[in-house]
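Following this message is one structure expressed as structure tokens.
Just so it is clear, none of the values below were taken in a lab; they were calculated from the coordinates. Since the model is a prediction, treat every value here as computed from it, not as a measurement. Please note: Cβ atoms are built from the backbone with ideal geometry, for glycine as well, and neighbour counts cover all protein chains shown.
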Amino acid sequence: MITKAFLDHPRSVDETYLEHARFAGTFGVKLFAAGLCAFVHALIPCLFEKTASRMIAEMYAKTHNRGG
């Protein structure tokens with residue numbers, strides 16, 4: 001049960017638990033930042049015009065076909 005919950009997925013992308021935690025945590029912070037930029041853009045359209053979409057595209061490129 002412990003192995004399935006904490007180790008199977010990180011192994012599927014060739015990472016240790018801690019490597020995966022760091023990657024996923026960093027990814028989460030970047031998603032939060034992109035969301036914040038999008039929210040500010042919604043209120044003040046001249047700010048962060050392409051920031052959130054650029055950040056999402058960069059994150060997608062980094063994760064596309066990972067572990068495959």
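To the nearest 20 Debye, how big is the dipole of the chain about its Cα centre, given +1 on the beta carbon of each Lys and Arg and -1 on that of each Asp and Glu? Write out the running numbers ahead of the final one.
Values: 8 positive and 6 negative charges, 11 e Å.
The dipole of the chain has a size of about 60 debye.
Relative to the first principal axis of the alpha-carbon coordinates of the chain, what is the inclination of helix 51-63, with its axis defined by its Cα atoms, in degrees from 0 to 90 and to the nearest 10?
Tilt of helix 51-63: around 20 degrees.
Could I ask something else about it? Report, in degrees rounded to the nearest 10, the 0 to 90 angle that the Cα long axis of helix 17-43 makes with the longest principal axis of the chain.
Long axis of 17-43 versus the principal axis of the chain: about 20 degrees.
Give me the one-decimal nm value for the distance between modelled label points at Thr16 and Thr3, 7 Å along each residue's Cα-to-Cβ direction.
The answer from the label model is 1.9 nm.
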